[in-house]
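Step one of this worksheet: look at the structure below.
The values are calculated or read from the model by the stated rules, or taken from the named source; none is laboratory data. Just so you know, these numbers come straight off a predicted model, no measurement behind them. A quick note on method: Cβ atoms are made from the backbone with ideal geometry, for glycine too, and the neighbour counts reach across all protein chains shown.
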Amino acid sequence: MPAYGTSKAAVMHLTKISALDLAPSNVRVNSVSPAFIGPEDGFMWRRQVELQAKANPTNAPERYYSNDPDEVAKQMLESVPLRRLGTPEEVVQSVMFLLSEESSYITGIDINISGGNVLGGARG
């Protein structure tokens, strides 16, 4: 988790610094942070659940996630306030918004596409 959290923070900070540096050239820089994107029967979701189940260094389910993939999937969904996975289309729609003229005055932000799981939900 430290490596994941550090890399996520680095992306957000790079977005802000790059936006400041490139604004005089009228270049906008934004990022998106999707979390728990489905479908539930899709390869990416199953792979994320599998890796989370293997990544519990303490074997303490209350600290990270269970070692059982079925329990991990349940824990992950329960941490999302909207109680569902996001869809690839929802991520694409956010990116399309950032690419459009409708976002012409937006730069230096990260759009969290997580169903409300902004800091790890119940775990944050």
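For residue 27, state whether it is at pLDDT 90 or above and under 14 Å from the mean Cα position of the chain (by Cα). Judged against the criteria, residue 27 is not a match.
Restricted to segment 33-124, the set of helices (runs of 4 or more DSSP H) holding at least 1 residues that are modelled with pLDDT under 95 and crowded, with 17+ Cβ neighbours inside 10 Å comprises 43-54, 69-78.
Note on segment 1-30: residues that are of a type outside the set (A, V, I, L, M) and not in a helix (DSSP H, G or I) amount to 3.
Determine the pairs where a residue that is without any contact (Cβ under 8 Å) to a residue 60 or more places away in the chain, located within segment 66-92, has a partner that is part of a helix (DSSP H, G or I) and of a type in the set (Asp, Glu) with Cβ atoms under 6 Å apart, the partner being 6 or more residues away or on another chain. Pairs that qualify, where the first residue is without any contact (Cβ under 8 Å) to a residue 60 or more places away in the chain and the partner is part of a helix (DSSP H, G or I) and of a type in the set (Asp, Glu), are 69/50. Here are some conditions: (1) under 17 Å from residue 103 (Cβ atoms); (2) surrounded by 12 or more Cβ atoms within 10 Å (Cβ to Cβ). Residue 26 meets all but one. Which one does it not meet? Tallying (1) under 17 Å from residue 103 (Cβ atoms); (2) surrounded by 12 or more Cβ atoms within 10 Å (Cβ to Cβ), residue 26 fails exactly one: (2).
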